[in-house]
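Here is the structure we will look at.
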Amino acid sequence: MHGEYKVPKGKLVVVDLERDGDRLRNVQISGDFFLYPDDALDALSASLEGAVAGASEAVYREIVTAAVPPGTEMVGFSPEAIAIAVVRAQQDEPEEGTDRAD
Amino acid sequence: MPTDMLDRWREQDWQLIPPTRLSASENLALDEVLTGRVGRGERKPTIRFWQWAGPAVILGRFQSVQNEIDADAARRNGIEIVRRITGGGTILAQPDDVIMYSIYVPDSFVRGLSFADSYREFDHWVIDALGELGVNAWYEGLNDITSEGGKIGGAAQARRNGAVLHHAAVAYRMDHELMGQVLRIGQEKLSDKGIRSADRRVGPLRQQIDLEREEITQHFIDFFRRQFGLTDDTITPDEQQEMQRLATEKFQTRDWVYFLP
């Protein structure tokens with residue numbers, strides 16, 4: 001499942017994930033944002049692994065916010081932007097006949 | 001914004017690495033090598049102009065391959081897929097269609113600047129150099145260079161080992177058909193731009209001024225030299241060796257390119 005959110009005046013955040021019962025699995029955050037240091041991405045994605053599915057934006061925002069390593073700079077995006085993309089991904093209904101492999 | 005920025009530019013003993021034809025992975029590896037060397041004080045602050053051995057599509061550090069490009073279409077067109085160490089968006093770089101440069105400088109250079117301000121600061125001179133050519137350009141958003149004729153470029157930064165790498169791509173010409181085949185530009189990305197067509201977002205320099213790409217590159221170099229001083233330099237054999245090793249062991253590996261599939 002796939003969700004995107006373009007931060008106004010900022011960058012694009014993309015979330016790909018799977019739902020396994022009431023849990024999120026294989027969460028991948030990507031986009032054209034800037035993140036320092038770059039390995040902080042692992043912590044952001046990992047925070048959502050196994051998180052409850054179907055939750056609100058506020059819940060995901062808190063989960064991600066708590067996982068941002070100290071000293072991390074997120075430029076052009078935010079935990080909020082990731083949370084919006086996570087919610088959108090779960091609203092994603094795959095269209096028939098598309099060749100999207102994700 | 002610190003008031004002494006112009007002094008900071010002029011204080012550096014800038015070195016020039018002129019356009020040197022390299023493969024995409026070598027170009028990207030060289031950015032990492034030179035950033036490290038400037039950070040460790042083994043090389044003076046440097047500006048490098050890129051040259052390409054062949055067409056490439058360059059993903060930002062955090063972009064997913066599938067989301068940004070049609071890998072089959074890239075292969076069919078003989079376009080190499082690579083990932084750089086800086087964030088930001090995808091660039092389709094054909095050797096004669098783009099002007100790219102990298103600036104490597106100790107991070108004391110950006111002391112007191114926010115990330116957003118530092119982007120503007122690094123490309124300020126290019127905006128002025130374009131102005132001399134009659135192109136009215138300005139910075140938009142965090143990292144875009146735009147003009148009356150449309151968007152013309154974008155920049156990205158990495159910070160590591162005590163140095164900043166700032167590189168920017170300025171579009172000279174654009175193959176819209178090839179871009180349409182290879183790049184996926186989703187509607188969400190355009191949602192706050194108020195425009196529908198991807199084509200209309202861009203205004204490559206060839207559409208705006210009657211100069212060859214090499215002439216514009218030379219003007220950029222001359223302008224930089226005039227403003228801040230510039231010493232001609234080359235890639236050392238040692239740097240070249242490190243670049244080749246890194247190109248093979250990192251930038252050409254599937255693990256790196258498909259880090260986000």
Here the relative contact order (percent) of chain B, from C-alpha pairs under 8 Å and at least 6 apart, is 27
The Cα radius of gyration of the protein assembly as shown, divided by 2.2 N^0.38 Å with N its residue count, comes to 0.99
Before rounding to the nearest 500, sum -39500 (n - 2.57) across all DSSP H runs of length at least 4 in the protein assembly as shown and divide by the residue total; then give [θ] at 222 nm in deg cm²/dmol. -10000 deg cm²/dmol
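Which percent of the accessible area of chain A is formed by carbon and sulfur heavy atoms (probe 1.4 angstrom)?
47
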Tell me which DSSP H helices of chain B clear both cut-offs, 24 Å or more of axial length from alpha-carbon atoms and a mean Kyte-Doolittle hydropathy of at least -1.0. B:115-132
On protein heavy atoms with a 1.4 Å probe, the accessible surface that disappears when A meets B, both sides summed and given to 100 Å², is 2200
For the pair B:ASP255 and B:ALA116, the simple spin-label estimate (label points 7 Å beyond Cα toward Cβ) gives in nm 3.8
Per-residue Cβ counts within 10 Å, from other chains only, averaged over B:107-117: what number is that? 1
How many angstrom lie between the C-alpha centres of the stretch B:1-41 and the stretch B:63-132? 14
Considering only B:GLU32, B:GLU188, B:GLU140, give the residue with the highest GNM mean-square fluctuation for chain B, with springs between Cα atoms whenever their separation is below 10 Å. B:GLU188
Considering protein heavy atoms only and a 1.4 Å probe radius, which residues within the stretch B:79-97 exhibit an accessible-area decrease of no less than 20 Å² in the full assembly relative to the chain by itself? B:GLY88
All-pairs Cα distance distribution in the stretch A:2-91, expressed in whole percent, bin size 10 Å: 19, 57, 22, 1
Return the long-range amide H neighbours of B:GLY154 (sequence gap of 5 or more, or a different chain), with a cut-off of under 5 Å between placed amide H atoms. B:ILE145, B:ALA169
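Which percent of the accessible heavy-atom area of chain B goes to carbon and sulfur, probe 1.4 angstrom? If you can, show how the numbers build up before the last one.
On the way: 4820 of 10830 Å².
The value for chain B is 45 percent carbon and sulfur by accessible area.
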Sequence-distant residues sharing a close amide H with B:ARG43 (under 5 Å, placed H): B:VAL38
Dimensions (Å) - chain B, Cα atoms, principal axes, largest first: 46, 43, 34
According to the Kirkwood expression over distinct Cα-Cα pairs, how big is the hydrodynamic radius of the stretch B:77-199, in Å? 15.9
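The values are calculated or read from the model by the stated rules, or taken from the named source; none is laboratory data. Note that the coordinates shown come from a computational prediction; the quantities given were computed from them, not determined experimentally. Counting neighbours? That spans all protein chains shown, and the Cβs are built from the backbone with ideal geometry, glycine included. Side chains included, ligands, DNA and RNA excluded: accessible areas come from the protein's heavy atoms. Shrake-Rupley method; radii C 1.70, N 1.55, O 1.52, S 1.80 Å.
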